[in-house]
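S.K.: Have a look at the structure that comes next, please.
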Amino acid sequence: MLLHLFDVTHHRIQQLVQNILAGLSMNLEKVIFGFFIVLAMTLNFGFFVGDIDNPSHHHVYELYAAIVVSLIATVLKFGDRTHVGAILLSTSLAADLQLITAAILWAALGNSMDSASLTVYIVSLSGGALMANFVSVILLISETIGQRR
């Protein structure tokens, strides 16, 4: 009798642990996915904020951090075959294209153009990427709100 009670309790504990681990892994994936989408937007926003023609308000390393995190967010969006997943991927690709173009312009024209004019181009491209990131975050929030448990 005691052995049977132990087996039943042990089995229930195993099921509970498996359910907890399954829930954590699924939620952890969603947390990481949302984290990188929001981080891409906030890093881009941090680079974008400031006087548009003042180079000291826009640091090159923040642009590179925004690019790296945006690329990670793009990779995380691959594999979602839903319509919303396709739109999320397209917004991420648009942001990547604009941020990479801004970095290429900065590297290519950094010494041959006055810094105020170049900063205007770079920050403008970053603003376009920020809008794409904003749409991505809005889609993520609306999809999350629309999901039922």
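The values are calculated or read from the model by the stated rules, or taken from the named source; none is laboratory data. Bear in mind that the values here come from a model prediction, so they are computed numbers and not experimental data. As a convention, Cβ positions derive from the backbone with ideal geometry for all residues, glycine included, and neighbour counts pool all protein chains shown. Keep in mind that these areas ignore ligands, DNA and RNA; they rest on the heavy atoms of the full protein, side chains included. Shrake-Rupley method; radii C 1.70, N 1.55, O 1.52, S 1.80 Å.
S.K.: Specify which of the listed residues (MET131, MET113) is free of Cβ contacts under 8 Å to residues at least 12 places away in the same chain, farther than 15 Å from GLY46 by Cβ and assigned to a loop (DSSP other than H, G, I, E, B).
M.R.: When all the criteria are applied, what remains is MET113.
S.K.: Out of the residues in segment 51-68 meeting the condition of being touching a helix residue (DSSP H, G or I) at 6+ places or on another chain (Cβ under 6 Å) and open to solvent by 40 Å² or more (accessible area, probe 1.4 Å), tell me which one is nearest to TRP106 (Cα to Cα).
M.R.: PRO55
S.K.: Suppose the filter is in a helix (DSSP H, G or I), modelled with pLDDT under 95 and farther than 30 Å from PRO55 by Cβ; does THR144 pass it?
M.R.: When the stated conditions are applied, THR144 passes them.
Residue-wise test of (1) touching a His at 6+ places or on another chain (Cβ under 8 Å); (2) closer than 26 Å to ILE32 by Cβ; (3) open to solvent by 40 Å² or more (accessible area, probe 1.4 Å).
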site	(1), (2), (3)
SER70	no, yes, no
THR74	no, yes, no
LYS77	no, yes, no
HIS83	no, yes, yes
LEU105	no, no, yes
GLY110	no, no, no
SER115	no, no, yes
VAL120	no, no, yes
ILE141	no, yes, yes
